[in-house]
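The values are calculated or read from the model by the stated rules, or taken from the named source; none is laboratory data. Just so it is clear, the structure is predicted and the values come from calculations on it, not from any experiment. With ideal geometry, Cβ positions are generated from the backbone for all residues, glycine too; neighbour counts draw on all protein chains shown.
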Amino acid sequence: MKVSGFTFIRNAIKFDYPVVEAITSILPLCDEFVVAVGNSEDGTRDLILGIGSSKIRIIDTVWDDSLREGGRVLAVETDKAFDALSPDSDWAFYIQGDEVMHERYLEPVKQAMLKWKDHPETEGLLLNYTHFYGSFNYIGDSRRWYRREVRIIRNDKAIRSYRDAQGFRKEGRPLKVKPVDAWMYHYGWVKPPDLQQAKQEYFHKLWHNDEWVEKKIPKVDEFDYSQIDSLALFTGTHPAVMKNRLERLNWQFSFDPTKKRLPFKSRFLHSIEKVTGWRIGEYKNYKIVR
């Protein structure tokens, strides 16, 4: 079995993306790893080179900043990295620059790839998600956070990144996937408040025009993490590759998990999900096959 990893990144240092941790967290599973490094204003390319792995291959790209509607440019950059993978790979493992896999899940993922490798009707593997918010101590537990996403796909170039690169489709339809008992940790909402605010101002420009950004995004120095509806305490351990980041934490954020700022409908649906595990009306860009 041959596995290729792939991702895209731009301005990783400027916006404090844990892309080195992302790549190295799944590198043990990969025989090669393609990184599409976009035209950056910082030392992102050198940052990736600094990982020092012979598995890593950089392709230099230029983002089309006119593809703003719906974050389409993110899918285009994802496809550039995917298309550069070796044609003889069986699986392609996609990870975004703010996602990290805990080392405890490497073996379950490997076993799932081996199990379904020779079953072409399985087009991808579905991973669970834990979303951190504000600091490394809290996780999002409301309906605003997606619970699962496809991150491992067949090395089939008929598969394309969908919308803003959150998932994939083949010939316009969701992929047929198998769930894996493994979690991806999402750290996109954990960074110094000033850098989080800078990221918000920049990132919304990938979805909206300048007038919308000017109207909707407040002009402040720091992002206000306190305006969140619901969080829970994280009681597990973080991936080993995140150790240095945890030690560098230089801001304070606290939240009372017993206080939920949810409207009645959301509280009602949240309570149903807590009891049954069923998320009513959940968006799923995949089809689980049994």
Review point. Only one residue in 220, 275, 241 is at pLDDT below 90, of a type in the set (A, V, I, L, M, F, W, C) and in a helix (DSSP H, G or I). Which one?
Key: 275
Check your understanding: Which residues, counting only those in the stretch 177-197, are aliphatic (A, V, I, L, M) and assigned to a strand (DSSP E or B)?
Key -> 177, 180, 182, 184
Review point. What are the residues in the stretch 52-66 that are within 19 Å of residue 18 (Cβ to Cβ) and within 20 Å of the chain's Cα centre (by Cα), if any?
Key: 56, 58
Practice item. For residue 188, work out the one condition from (1) crowded, with 16+ Cβ neighbours inside 10 Å; (2) under 19 Å from the mean Cα position of the chain (by Cα); (3) over 30 Å from residue 287 (Cα atoms) it doesn't fulfil. Key: (3)
Exercise for review: Look through 70, 43, 52, 38 and report the one residue that is without any contact (Cβ under 8 Å) to a residue 40 or more places away in the chain and on the phi > 0 side of the Ramachandran plot.
Suggested key: 52
Check your understanding: Does residue 2 meet the test of being closer than 26 Å to residue 89 by Cβ, surrounded by fewer than 18 Cβ atoms within 10 Å (Cβ to Cβ), touching a strand residue (DSSP E or B) at 6+ places or on another chain (Cβ under 7 Å) and modelled with pLDDT of 95 or more?
Key -> no
Exercise for review: For residue 215, indicate whether it is farther than 21 Å from residue 40 by Cα, without any contact (Cβ under 8 Å) to a residue 24 or more places away in the chain, basic (Lys, Arg) and assigned to a loop (DSSP other than H, G, I, E, B).
Suggested key: no
Exercise for review: Of all residues in the stretch 28-59, count the ones that are crowded, with 17+ Cβ neighbours inside 10 Å and under 20 Å from residue 103 (Cα atoms).
Suggested key: 5
Exercise for review: Scan (1) assigned to a strand (DSSP E or B); (2) touching a residue at least 40 places away in the same chain (Cβ under 8 Å) for the single condition residue 60 breaks and write down its number.
Suggested key: (2)
Exercise for review: Give me a count of the residues in the stretch 156-176 that are under 24 Å from residue 2 (Cβ atoms) and assigned to a loop (DSSP other than H, G, I, E, B).
Suggested key: 4
Exercise for review: Could you tell me whether the stretch 93-108 includes any residue that is aliphatic (A, V, I, L, M), in contact with a Leu (Cβ under 9 Å, 6 or more places away or on another chain) and in a helix (DSSP H, G or I)?
Suggested key: yes
Exercise for review: Test residue 123 against the criterion of being at pLDDT 95 or above, surrounded by 16 or more Cβ atoms within 10 Å (Cβ to Cβ) and either touching a Lys or Arg at 6+ places or on another chain (Cβ under 7 Å) or of a type in the set (A, V, I, L, M, F, W, C) (or both), and give yes or no.
Suggested key: yes
Study note, to complete from the structure: Pairing a residue in the stretch 163-179 that is closer than 19 Å to residue 207 by Cβ with any residue that is among the acidic types (Asp, Glu), where Cβ atoms lie under 7 Å and the two sit 6 or more apart in sequence or on different chains, gives 166/149; 167/149
Check your understanding: Among the residues of the stretch 105-114, is any in contact with a Gly (Cβ under 6 Å, 6 or more places away or on another chain) and not charged (D, E, K, R)?
Key -> no
Revision key, fill the gap. Of (1) buried (at least 18 other Cβ atoms within 10 Å of the Cβ); (2) in a helix (DSSP H, G or I); (3) among the hydrophobic types (A, V, I, L, M, F, W, C); (4) modelled with pLDDT of 95 or more, residue 73 fails just (4)
Point to revise | Among the residues listed as 265, 260, the single one being modelled with pLDDT under 90 and in a loop (DSSP other than H, G, I, E, B) | key: 260
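Residue-by-condition table, conditions (1) more than 15 Å from the chain's Cα centre (by Cα); (2) part of a loop (DSSP other than H, G, I, E, B); (3) not aliphatic (A, V, I, L, M):
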residue: 4; (1), (2), (3): yes, no, yes
residue: 13; (1), (2), (3): yes, yes, no
residue: 17; (1), (2), (3): no, yes, yes
residue: 23; (1), (2), (3): no, no, no
residue: 27; (1), (2), (3): yes, no, no
residue: 36; (1), (2), (3): yes, no, no
residue: 47; (1), (2), (3): yes, no, no
Review point. Which ones in the stretch 235-252 are crowded, with 17+ Cβ neighbours inside 10 Å and either more than 14 Å from residue 192 (Cβ to Cβ) or aromatic (Phe, Trp, Tyr) (or both)?
Key: 238, 239, 241, 242
